[in-house]
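Report on the structure given below.
The values are calculated or read from the model by the stated rules, or taken from the named source; none is laboratory data. Because the structure is a prediction, the values reported are computed rather than measured. For neighbour counting, all protein chains shown are included, and Cβ atoms are generated from backbone atoms with ideal geometry for every residue, glycine included.
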Amino acid sequence: GLEAAYLATGQARRAEAIRQAIAAWQQFRPRAHDDSLGIQLGAAVCLVDAQDRQQWVFLGPPGGSMKLVCEGQALQVISTEAPLGRALLGKCVGDEVAIEVPPRRLEFEVLQVA
């Protein structure tokens, strides 16, 4: 009985988190990029790593991690709560971003922001 209660509590918390994520995405209205503010919520960002591999990410509200294809380009949706999302906030084209993903450190350069 006690284990079932713990499981039910965990499921209820997860359901509430999902409801909050849906509400955040429904209310989300991205703004046009402003170079003076750097990367903000709603930005699409092209990154390049040390091996010259490019990837596009979109900073969205929490709970929306997914891969999309936009005009033939793969786009990873991440939140500003994710390590890479936090690291990108306020950065500009040409800036370098590094995150720790044990056991290694990942480094990127911001190539483009839309």
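Please state which one of Cys46, Cys70 is more than 19 Å from Val101 (Cβ to Cβ) and in contact (Cβ under 8 Å) with a residue 60 or more places away in the chain. Full working, then the answer.
On the way: Cys70 fails: in contact (Cβ under 8 Å) with a residue 60 or more places away in the chain.
Answer to the selection: Cys46.
If a residue must be touching a Pro at 6+ places or on another chain (Cβ under 8 Å) and among the β-branched types (Val, Ile, Thr), how many such residues does the stretch 62-114 contain?
Let us first name the residues in the stretch 62-114 that are touching a Pro at 6+ places or on another chain (Cβ under 8 Å), namely 79-81, 99-101.
Next, only the ones that are among the β-branched types (Val, Ile, Thr) stay: 80, 99, 101.
Residues that pass the stated criteria total 3.
Among all residue pairs at least 6 apart or on different chains, which show Cβ distances below 6 Å where the first residue, located in the stretch 1-17, is of a type in the set (Gly, Ala, Ser) and the second is modelled with pLDDT of 85 or more and outside any helix (DSSP H, G or I)?
No pair meets every condition.
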